[in-house]
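**Q** Have a look at the structure that comes next, please.
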Amino acid sequence: MITSIFASEDATLYEASSSQNTGNDAILEIAKTGQISGSQLASGTIFNSRILVKFPITQLSQSLVDTYGSIPIGINYRMRLFTVEANEVPTEYSLEAFPISESFTRGTGKFHDFPVDEDSGTSWKYRNGKLGGTEWATSSFAADAVTGSMIGQSVSGGGTWHHQYGSSQTFGEVTDIDINVTTAVSQFLSGSLVNHGFILKRTGSLGIGNETNQEQNNTVYGSLKFFSRESATIYQPRLDAFWDDTDMSGTASLSQVDDTDLMLYMRDLREQYRENSRVKFRVNGRKRFNARTYSTKSADLTNFHLPTSSYYSVLDARTEEVIVPFITGSTNATKLSVDSEGNYFNFWLDGLHTDRIYKFVYLVESGSYRNYYDDGFTFKVVR
């Protein structure tokens, strides 16, 4: 099972414009700028930006408890942001995500506002705007060192965070953020941490000239721009929750269809589903060509189940963007279940946008073969 929630608040903190709010901008940005000296940035001229993003975790947990009675065992959480543009980015770099340790006000500013918005919400220096006057802490952290911050080269601030619950992701060619934040979200749900959201940043927070500190060394890392919650696209920041809810009880009463040339069909697939629906989708398979027999019952009417390593994925039908990937391995979040009627999977439409057409694609593995089935199983999500 997999379900998603979208960001409720986000903003970019710019060190170079330390009081500017961008809480209503369509773009989120992690950038490192400065004066170029040869092939590097000159010391004393380096400025960074960081991203704040918050998700309605209580909404997600309540939905899970209402359905299952408790949070499913083994649940995982991944935070995803989607790239708009990447400039002068190296072939390999890393980003970190930490739970924020102080509250912030999103604000209504945009990057290109003139004059810049300094009062409506958070910035590199302030949590709630220059008018509110509450600065991010830069000293006097908790005695057990549960928080950390950054004293920038020019302006102190840049957010505060619980450093022991951080996660990181190393990037190559793909620049979309897809980072495991299970540890932090579990702390939110248990009440051990207050959900103030996440801060996303390059690695390192203290020290200058340390080559492992990607924020403060002299290496050029360029700019990464992502869609924000204000972008009005299907690429808004999202938090995916996924867990194994498979039921294989039907394998004892049904025969498995083993063939490298199968036909898959979905029973009762409708053209439209309302947003936030909870649906049990059924998918069955049979051999494309059945051998002739003298049976009085058609082989096409016999219930089979697909090989037990069969999975579904969800794509945007127009853009071919993968919305829900095949999640295999120990999690098995998109594995097909089997009951006495055949294969099925439960799916929550919470993470799908309205007025979009989506399609199901299937992966069937058995022995040495691995087949994909993209047979036009489309549906539209409506309000």
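Quick note: the coordinates plus some simple rules give every number you see, no bench work behind them. Every value quoted in this text rests on a predicted model; they were computed, and no experiment measured them. Cβ atoms come from the backbone with ideal geometry, glycine included; neighbour counts cover every protein chain shown.
**Q** Considering only Cα-Cα distances, which of the following residue pairs are longer than 18 Å: Lys54/Lys130; Lys130/Lys201; Lys125/Lys201; Lys201/Lys225?
**A** Lys54/Lys130; Lys130/Lys201
**Q** Report, please, the projected area of the chain averaged over directions, based on the convex hull of its C-alpha atoms, in nm².
**A** 22.7 nm²
**Q** Note down the relative contact order for region 19-123 as a percent, whole number, built from C-alpha pairs under 8 angstrom at least six residues apart.
**A** Relative contact order for region 19-123 comes out at 47 percent.
**Q** I would also like to ask the following. Ranked highest first by the average count of other Cβ atoms within 10 Å around their residues, in what order do 123-130, 80-87, 168-175, 343-350 fall?
**A** Descending mean neighbour count gives 123-130, 343-350, 80-87, 168-175.
**Q** Under a crude label model (7 Å from the Cα following the beta-carbon direction), how far is Ser255 from Asp176 in nanometres?
**A** Here the answer is 4.1 nm between the modelled labels.
**Q** Return the calculated 222 nm mean residue ellipticity for the chain, to the nearest 500 deg cm²/dmol, obtained by summing -39500 (n - 2.57) across DSSP H runs with n ≥ 4 and dividing by the residue count.
**A** Value at 222 nm, helices only: -1500 deg cm²/dmol.
**Q** Treat each spin label as a single point 7 Å out from the Cα along the C-beta direction, and report the Glu92 to Ser223 distance in nm.
**A** Calculated label separation equals 2.7 nm.
**Q** Using a 10 Å cut-off on Cβ atoms, rank the peptides 279-286, 252-259 from the highest mean neighbour count down.
**A** The densest-packed peptide leads the list: 279-286, 252-259.
**Q** When only Cα pairs under 8 Å and 6 or more residues apart are kept, what is the percent relative contact order across the chain?
**A** Once normalised by length, the contact order is 21 percent.
**Q** How much net charge surrounds Ile30 when only the other residues with a Cβ under 13 Å from the Cβ of Ile30 are counted, with Lys and Arg +1 and Asp and Glu -1?
**A** Local charge sum for Ile30: -3.
**Q** Can you return the lysines within cross-link range of Lys280? Criterion is Cα-Cα under 29 Å, with same-chain partners fewer than 8 residues away left out.
**A** Those lysines meeting the cut-off are Lys297, Lys335, Lys359, Lys380.
**Q** Identify, among Gly23, Leu264, Leu352, the residue whose Cα sits farthest towards the positive end of the charge dipole of the chain, taking +1 on the Cβ of Lys and Arg and -1 on the Cβ of Asp and Glu, with the dipole about the Cα centre.
**A** Farthest along the dipole direction, towards plus: Leu264.
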